[in-house]
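What follows draws every value from the coordinates through simple rules; no lab data is involved. Here the structure is a predicted model, which is why all the values come from computation and not from measurement.
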Amino acid sequence: MYPKLNTATSLTWFRIAAIPLVVLVFYSPVSWARPAAAMVFLLAAITDWLDGYIARRFQQTSAFGAFLDPVADKMMVTTALVLLVQADSSRNLVAILAAIIIGREIAISALREWMAELGARQRVAVSGYGKLKTIAQMTGLCCMIFYQPLLGLPIYEIGVVCLVLAAGLTIWSMIGYIRAAWPSKAQHDEVS
């Protein structure tokens, strides 16, 4: 039986479908490719907030939606980071930030899966730092994809600053998740 498709889940599927569109537009041979790709990315990022709001507000939460939402986010972020590392190969900082962010996402996903097996998944639920990290990350990625100065503002550099902040919050929130999970690990070790 297929999971029920509701508005919240449809928005999450839209976010996944937008990923190849961002890539296609990003590599288009036109002068406005990067700003247009940033707008598609921004629209997809807004659906991340919107699908969660709709799911809670209209009781459209589901186990499938809870699974699909973070998958869509990780696919979006990873794709954007790969595009930026490839496009800006002269800046080592972008590659380092990408490695930190992608590495943390893999580690936390594995930690959440392991905690779910122990029956303690709630210990590694999304924290306030995680939400702040997501805002900084999506803002930074959107600005870096946009690339071009806007109204005299160095949009790309602003994006790099946001991404540095996101990477710092990434490390901080990962430490918090590990600390929250540690008592369950210790209990599991005592029982085993």
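Quick notes
- Amide H within-cut-off set for Leu150, under 5 Å, with H built and near neighbours excluded: Ile155
- For the chain, calculated [θ]222 nm from helices alone, where every DSSP H run of n ≥ 4 adds -39500 (n - 2.57): -28000 deg cm²/dmol
- The candidate values were [x] 15.6, 48; [y] 17.2, 60; [z] 17.9, 62; the one computed from these coordinates for Rg and Dmax of the Cα atoms in Å carries the label [z].
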